[in-house]
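Notes to accompany the following structure.
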Amino acid sequence: MSTISLHRKEVIPAYNFFRMSHFQLWAQPPWVNLLILIPLAAAFSFHRVRHLISGRQLIVITLFAGAFGFVEATVVVYLRAATGLLPGYTESLAEVRRSQEIYQPAKSISQIPPSLVTIEVCREVATMIMLTMVVLLAASTRRERWAAFLWAFAFWDLSYYVGLWTTIRWPTSFLDLDVLFLIPVPWIAQVWFPLLVSLLTILIIAWSRGEQPR
C-alpha cells in the first residue's frame, strides 16, 4: 500500500476525489474495481482441491506477511514524518494519535517530492518481489503457489492497516481514502475496499482447505 502523491497531471481530479468523505462504491481508476474478482477466482480455482496448502505453510506465511505488513506501515509513518504530514511526531505516539490532522491525502498529492515518489515506486516493486520469493520457497505446485501468494498478500495488506492504526490511529474510519499503489498509475480507494478484498480472499482459501472433496 502507498500513501504517496500522484503525478502532477493527475493532481486536480485526484484532489476532487479525495474531498468526498461519504461512502464511495467505486475505486479509481475504474479497473481497480476488478480486484473484487480475486476472491471469486480463488473460490473457482481452489474448489474441491485436496490438500491445497498445509497448515504449517499457512502459519509460516502468515507470520512473515504480518511482520512485513507492519514494516510497511512503519515506512509510511517515517515518510509522513519526513515530509511534514505527521503532526506531533517529535513527541510521543499519544501526541500523534491526538492530532486531528494525522493524514490529509489532498496535501500528500502536492507536498511529497518527486524523488520520494520514485523511491516509493521502487519499494512497491521490491515488496512484490519479496512476497513472490517467499511463496516460491513455501509452495511447490502452481496452484499451491497461487494460493500462498493470495494468502500472503491478503495478510500483508491487513497487517499494514492494523499497523498504521495501532501506531498513529489511521485510518480513522473505513471511509478514509488511500492511495493503494502507484504502479502503473495511482490506485485510489476507500480503506474498506482493500480490506474487503483481503478478508474475502482469506476466508475463501480457509474454506477451500476445510472443504472435503466429493
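Total residues in segment 119-152 satisfying the condition of being open to solvent by less than 60 Å² (accessible area, probe 1.4 Å) and touching a residue at least 40 places away in the same chain (Cβ under 8 Å): the figure is 16. Any residue in segment 174-189 that is under 16 Å from residue 76 (Cβ atoms) and part of a loop (DSSP other than H, G, I, E, B) sitting within a Cβ distance under 8 Å of a residue that is of a type in the set (S, T, N, Q) and open to solvent by 50 Å² or more (accessible area, probe 1.4 Å)? List the pairs, counting only those 6 or more apart or interchain. Close Cβ pairs (under 8 Å, with a partner that is of a type in the set (S, T, N, Q) and open to solvent by 50 Å² or more (accessible area, probe 1.4 Å)) amount to 187/28.
The residues of segment 175-190 that are β-branched (Val, Ile, Thr) and surrounded by 18 or more Cβ atoms within 10 Å (Cβ to Cβ), listed by number, are 179, 188. Quick check on segment 158-169. Is at least one of its residues free of Cβ contacts under 8 Å to residues at least 60 places away in the same chain, within 29 Å of residue 94 (Cα to Cα) and open to solvent by 50 Å² or more (accessible area, probe 1.4 Å)? Checking segment 158-169: at least one residue is free of Cβ contacts under 8 Å to residues at least 60 places away in the same chain, within 29 Å of residue 94 (Cα to Cα) and open to solvent by 50 Å² or more (accessible area, probe 1.4 Å).
Inspection of segment 161-169 finds a residue satisfying the criterion of being part of a loop (DSSP other than H, G, I, E, B) and either touching a Ser or Thr at 6+ places or on another chain (Cβ under 7 Å) or at pLDDT below 90 (or both). Of the residues 155, 193, only one is crowded, with 16+ Cβ neighbours inside 10 Å and in contact with a Ser or Thr (Cβ under 7 Å, 6 or more places away or on another chain); which? None of the other options fit; the residue is 155. Against the condition under 26 Å from residue 138 (Cα atoms), charged (D, E, K, R) and at pLDDT below 85, how does residue 50 come out, does it pass? Against the criterion (under 26 Å from residue 138 (Cα atoms), charged (D, E, K, R) and at pLDDT below 85), residue 50 qualifies. When 11, 76 are checked against the criterion of being modelled with pLDDT of 65 or more, more than 19 Å from residue 134 (Cα to Cα) and either of a type in the set (Val, Ile, Thr) or surrounded by 13 or more Cβ atoms within 10 Å (Cβ to Cβ) (or both), 76 stands alone in meeting it.
The values are calculated or read from the model by the stated rules, or taken from the named source; none is laboratory data. Everything quoted here is computed from the prediction, not taken from an experiment. Every residue, glycine among them, receives a Cβ derived from its backbone with ideal geometry; neighbour counts consider all protein chains shown. Side chains are part of the model used for accessible areas, which takes the heavy atoms of the whole protein and leaves out ligands, DNA and RNA. Shrake-Rupley method; radii C 1.70, N 1.55, O 1.52, S 1.80 Å.
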